[in-house]
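Working notes for the structure below.
The values are calculated or read from the model by the stated rules, or taken from the named source; none is laboratory data. From a predicted model like this one, the values you see are computed outputs, not experimental measurements. Positions of Cβ are backbone-derived with ideal geometry, glycine not excepted, and every protein chain shown enters the neighbour counts. With ligands, DNA and RNA removed, areas are computed over all heavy atoms of the protein, side chains included. Shrake-Rupley method; radii C 1.70, N 1.55, O 1.52, S 1.80 Å.
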Amino acid sequence: MSTYLLQYREAIRKGEIIAGYDMIQELDNLIEDLSSSEYIYDTRDAEIRIDFIEHCIRLTKAPFYGKPMVLLLWEKAFIEALYSFKMKSLDSGEWVDRFQESLLLICRKNGKTELIAALQLTELFIGGEGIDIVCSGTNDGTAYLAYQAIDTMRLLIDPKQIDSWRNQKGIKCLINNNHIYKLSDSTRQKEGRNIDIAGIDEVWSLTDEGIYKPIQQSTSTKEKFKILMFGSEGFVDGFLVETRAAYTKIIKGEDDTESAKRKLPWLYTQDSEREVWDTDENGISKLWEKSNPSIGHVKKWSYLRDRVDEARKSKSDRVFVMCKDFNFKQNTAVAWLNYEDYMYAASYDIEDFRGSLILGAVDLSETTDMTSAKALIMRKGNRTKYIVSHYWIPESKLENSDDKEAGAKYKEWAQKGLLTICEGNDIDLTLVADWYYMLYKQYGLRLYKCGYDVKFSKDFLRRMDEYGFECEMIYQDKKTLSSPMKVCEADLKARLVNYNENDVDRWCLKNAAMELDNAGNCQAVKQKAAMRIDGAVTLIILYEVLRRYRSEFMKALK
């Protein structure tokens, strides 16, 4: 017997294809099952679907738009295994599809959405009669990705819409009355459906079973159904964490329950992080194929090489690449900087900058947190950013502080002149504006622009306006602060930030963690609740002010 499943395993054995432990072990498990009397292996259902995909379906995304969909060996093996294993039904005694659910864990840009869309469109046209097919995800936007791919593929097959039709409710095949529609976690009335085929995209983003359970329960009357879950790893400690663990147990033979027999793991993973970083003279590693089975065909080697190069230099890029390009689970927040990134010798005398133009940034608070203010000075022809900092805390924090164990030394810092202790339980924010005026009166440092966050800013802005200082609101969100945070990190690594060895700055930089979203945008957060990161946040805001006004600021430098 020659099947795609066996061909795939043989190609791996010969070294023509490189796969990780999870994939190899699962293939060996399936091949062992070929000789089990519990199953029969009938490839006819798989063959007709593979034939339809390769001869009827065309791709929807540039640079492959409109080209026939030629399946790779791993895709053929996956489809074959999914549809070819049959087992006796407990209810009818008939031979039915063994696999009802599958988890395809695969890195971004390997063609997963096109593959699942092609399978669902195939079911629409040739998958029986009167079946319901859903495109699903944590929200409508995610569900729409596969849905739109399906509709584009449909129109390339049936441009005059003779055999199929789309309206606001979904897509319908007029030949067999099959129906495709979107269903997400935000959809009202998710229960009570009658689903035969479901594709759940970006499964990493599901925080719980909110969409999975209604889909699973909707198949309770079905003898034949499939729930296809697919996506890369993510940053959410939710549904995928438990699901991946459950499917890994199946691979390892640690779960032999009847329900486990109906689930197909298809996991593309690396075996160690070292495989990512150990590259050849061209900057690549053939072992990257373990988590990127379509590399060289869909995903480019050069693309992945460039992402790995960026990851070597930037913590945010490293976390994102390890997660999305190599399927290593990453924590929602990780330490932003390494020790050597901020703990280095670099000092200056503020007198040397008398009369300079400065940019400002503040992170304001009223009670529990510190308030932080910074000024940035630069010299013409010099890339170094010289940072002047000051902090404020309420007097009550000295006795009722929850961050002493995290390294806070407020009294010591106050004695050094790095921090001002304000009487009572809150901070008079006009003192922050007074500090900028002090820099002008005492050192002639002229404030060009000052960035601030909207909260707690009324008194501060009023006093700044009295001094004639211009301020600009900087939203503290990932979309706004991601780019300046990455530039700031790069400058710290390159020793281009001279913060005069300020102890409070160092403490805040040490405490800062980095939180990422699925787009790779990042934001500074606390590593632990008791830690303070006000100085780190203010530095990032300062970099955003510099980004917005770099041209005018640099032209005005002495």
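On a 0 to 90 degree scale, rounded to 10, what angle separates helix 315-324 from the longest Cα axis of the chain? Roughly 10 degrees, rounded to the nearest 10. The length gained on full extension between Lys416 and Asp309, counted as 0.36 nm times the residue separation minus their Cα-Cα distance, comes to 34.4 nm. Heavy-atom accessible area with a 1.4 Å probe sorts Lys374, Lys555, largest first, into Lys555, Lys374. Kirkwood radius and radius of gyration were both taken over the C-alpha atoms of the chain, and their ratio Rg/Rh is 1.08. Specify the angular offset, from 0 to 90 degrees and rounded to the nearest 10, of the alpha carbon long axis of helix 458-467 from the longest principal axis of the alpha carbons in the chain. Between the helix axis and the principal axis of the chain, the angle is about 50 degrees. Between Ser396 and Leu174, the C-beta separation translates, for a Förster distance of 41 Å, into a calculated FRET efficiency of about 0.05.
A Förster radius of 41 Å, combined with the Cβ-Cβ distance separating Lys249 from Ala346, puts the computed FRET efficiency at roughly 0.20. Just want the answer: with Cβ charges of +1 for Lys and Arg and -1 for Asp and Glu, which residue in Thr60, Thr122, Ala333 is farthest toward the dipole's positive end in the chain? Result: Thr60. Within straight-line reach of Lys558, meaning a Cα separation under 23 Å, sit the following lysines at least 8 residues removed in sequence or on another chain: Lys374, Lys380, Lys385, Lys441, Lys449. Counting pairs on different chains as well as pairs 8 or more places apart, how many Lys pairs in the stretch 184-284 have Cα atoms under 26 Å apart? Eligible lysine pairs with Cα atoms under 26 Å apart amount to 25. Helix 534-555 and the longest principal axis of the C-alpha atoms of the chain enclose an angle of approximately 80°. Going by Cα centres, the stretch 481-558 and the stretch 409-474 are how many Å apart? Each part reduced to its Cα centre gives a spacing of 18 Å.
Stretched out straight at 0.36 nm per residue, the stretch from Glu32 to Gln217 would grow longer than its current Cα-Cα span by 63.5 nm. Each Cα pair under 8 Å and six or more residues apart adds its separation to the average, and for the stretch 247-308 the resulting relative contact order is 26 percent. Per residue, the convex hull spanned by the Cα atoms of the stretch 118-273 measures out at 128 cubic angstrom.
Pairs to check: Lys61/Lys300; Lys329/Lys479; Lys61/Lys299; Lys315/Lys526. Give those whose C-alpha atoms are more than 19 Å from each other in this structure. Result: Lys329/Lys479 exceed 19 Å.
Ligands, DNA and RNA left out, the accessible area of the chain computed with a 1.4 Å probe is 47% carbon and sulfur. Taking one quarter of the surface of the convex hull spanned by the alpha-carbon atoms of the stretch 216-368 gives a direction-averaged projected area of 18.4 nm². As a calculated quantity, the FRET efficiency between Ala494 and Ala530 at R0 = 22 Å, using C-beta atoms, amounts to about 0.10. Taken over the stretch 70-161, lysine pairs spaced eight or more positions apart, or on distinct chains, with alpha carbons under 26 Å apart number 5. Computed per residue of the chain from DSSP H runs no shorter than four, each worth -39500 (n - 2.57), the mean residue ellipticity at 222 nm is -11500 deg cm²/dmol.
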